[in-house]
Amino acid sequence: MVDYPKLFNPLLQALRDLGGSGSLKEISDRVCQNLQFSDKEMNQLHTNTNQREIDYRLAWARTYLKKYGI
């Protein structure tokens with residue numbers, strides 16, 4: 001799985017692809033599509049939660065991008 005700092009550019013690209021905004025699911029799905037994740041990678045759950053690992057990492061990537069003012 002990709003570390004959240006390496007998701008910054010794919011996250012920004014997904015937002016560009018979606019016209020500047022989108023639901024969390026739309027953004028997550030676009031990132032997975034752009035990075036060509038397998039179904040297994042896309043559906044891997046984060047430890048101790050029912051959240052997908054990619055969604056967890058994208059949440060951290062969004063948090064840091066917000067802190068950077070992006």
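The values are calculated or read from the model by the stated rules, or taken from the named source; none is laboratory data. Just so it is clear, the model here is predicted, and its values are computed rather than measured. Cβ atoms come from the backbone with ideal geometry, glycine included; neighbour counts cover every protein chain shown. With ligands, DNA and RNA removed, areas are computed over all heavy atoms of the protein, side chains included. Shrake-Rupley method; radii C 1.70, N 1.55, O 1.52, S 1.80 Å.
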What figure in square angstrom, to the nearest 10, would you give for the accessible area of R62 with a 1.4 Å probe?
-> 60
Inter-label distance, nm, simple model (7 Å from Cα along the C-beta direction), Q51/L35 = 1.5
Simple SL model, points at 7 angstrom along Cα→Cβ for Q44 and Y68; separation in nm is 2.2
Evaluated at q = 0.13 Å⁻¹: base-10 log I(q)/I(0), Debye formula over Cα of the chain | -0.33
If Lys and Arg each add +1 and Asp and Glu each add -1, what is the summed charge of the other residues whose beta carbon sits under 12 Å from the beta carbon of L15?
-> +1
MRE, 222 nm, helices only [DSSP H, n ≥ 4, -39500 (n - 2.57), over the chain, to nearest 500] = -17500 deg cm²/dmol
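Which percent of the accessible heavy-atom area of the chain goes to carbon and sulfur, probe 1.4 angstrom? Provide the component values of the computation, followed by the final result.
Values: 2330 of 4770 Å².
So the carbon and sulfur contribution to the accessible surface is 49 percent.
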Quick tally, 1.4 Å probe accessible area for Y68, Y4, sorted with the most first, runs Y68, Y4
Where the chain is the region considered: accessible area per residue in Å², 1.4 Å probe | 68
Dipole in debye (nearest 20) - the chain, about Cα centre, beta carbon charges: Lys, Arg +1; Asp, Glu -1 = 260
